[in-house]
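The values are calculated or read from the model by the stated rules, or taken from the named source; none is laboratory data. None of these values were measured; they are calculated from a predicted model. So basically every Cβ, Gly included, is an ideal-geometry build from the backbone, and we count neighbours across all protein chains shown. Heads up: the accessible areas ignore ligands, DNA and RNA and are worked out on the full protein's heavy atoms, side chains in. Shrake-Rupley method; radii C 1.70, N 1.55, O 1.52, S 1.80 Å.
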Amino acid sequence: MRLDKFLSQTGRFTRAEAKKAIKAKRVSLNGEIVKDGKIKVKEDTDEIFLDGKLLVLNNQEVYYMLNKPAGVVTATRDDKDKTVIDLIDFDGRKEDLFPVGRLDKETTGLLIITNDGKFAHNIISPKKHVSKTYEAIVTGKISEKEVKIFSQGMELANGDKLQPAQLDIISYSEKDDTSKVRVIIHEGKYHQVRRMFGAVSQRVLELDRVKIGLLELDDTLERGEYRELTEKELNLIK
Ligand code: URA
């Protein structure tokens with residue numbers, strides 16, 4: 001990142017003040033006084049001093065809402081596939097960022113990316129009961145029978161006992177013999193929604209997360225796009 005940006009991200013200066021400090025020859029980069037705030041620095045390896053004191057980034061917490069596209073893995077790094085972190089253009093230390101919870105490679109929709117571990121824990125901890133709302137296209141005609149099974153807290157094939165979940169039927173396509181549904185769950189077991197439909201002998205064809213707790217996916221974000229959460233949204237979810 002640019003040196004003047006780095007200086008402002010230490011939390012000591014505004015960008016204008018950073019420029020002044022450089023002009024006043026107070027800043028050195030790897031032992032040399034710097035004259036230009038526009039030069040690029042490597043914040044992980046370069047040694048940047050202010051008045052002879054080594055500066056480190058004030059790693060502020062960041063919170064992004066990403067509309068995850070299909071085909072991207074929810075991980076911080078992967079040898080084979082593109083990750084959700086690869087989609088984020090972050091000025092700080094990128095290795096600090098991580099996704100909150102997990103969406104399968106083919107699942108789309110709302111994913112929060114942050115560097116705040118405590119915040120993430122509060123969202124994913126089963127004890128906090130933060131709901132996750134999905135819209136799905138599934139095989140077959142879903143009926144009140146499945147709605148009841150979901151609401152009673154079902155048992156998965158491996159014996160996992162689930163908390164009650166809400167299943168709403170949105171529509172049925174006779175032509176494709178598929179149903180559009182909304183599912184609200186309060187935990188996040190591995191492949192949970194897919195396995196829930198498996199347990200009632202159906203298959204999830206498309207899965208899209210639209211909400212976490214009270215936080216809704218901004219529908220102006222295209223797949224692959226992201227933006228910072230607003231103060232209001234953070235309060236909704238914190
Ligand atoms: N349940 C799933 O099966 N997959 C997801 O990605 C999220 C919830």
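Averaged per residue, the chain has 57 square angstrom of accessible surface, using a 1.4 angstrom probe with ligands and nucleic acids left out. Close amide H partners of Glu206, meaning residues 5 or more places away or on another chain with modelled amide H under 5 Å apart, are Ile137. On region 168-235, 44 percent of the accessible area sits on carbon and sulfur atoms, based on a 1.4 Å probe.
Extension gain for Gln163-Lys42 works out to 38.8 nm (0.36 nm per residue, less the C-alpha to C-alpha distance).
Past 30 Å, Cα to Cα: identify those pairs from Lys68/Lys141; Lys148/Lys189; Lys5/Lys128; Lys161/Lys238, in the order given.
Lys5/Lys128
Computed in the context of the full set of protein chains, the accessible area of region 92-135 at 1.4 Å probe radius has 51% of its extent on carbon or sulfur. Could you tell me which of rounded, prolate or oblate describes region 24-72, using a ≥ b ≥ c as the square roots of the eigenvalues of the alpha-carbon gyration tensor, with rounded for a/c under 1.5 and, failing that, prolate when a/b is larger than b/c and oblate otherwise? It is prolate, given that a/c is not under 1.5 and a/b is the larger ratio. The string of couplings for region 176-181 from the Karplus curve (6.51, -1.76, 1.60, θ = phi - 60°) is 8, 6, 10, 10, 9, 9 Hz, one whole number per residue in order, with x for Gly and Pro.
Within the shell of other residues whose beta carbon sits under 14 angstrom from the beta carbon of Ala199, the net charge comes to +4, with Lys and Arg scored +1 and Asp and Glu -1. Out of region 1-56, which GluC sites (Glu not before Pro) are coil in DSSP terms and have no more than 15 other C-beta atoms within 10 Å? Loop-located and lightly packed - Glu47. Of the whole protein surface, His186 contributes about 60 Å² of accessible area at a 1.4 Å probe radius.
Projecting label points 7 angstrom from Cα along Cα→Cβ for Val147 and Asp177 puts them 2.3 nm apart.
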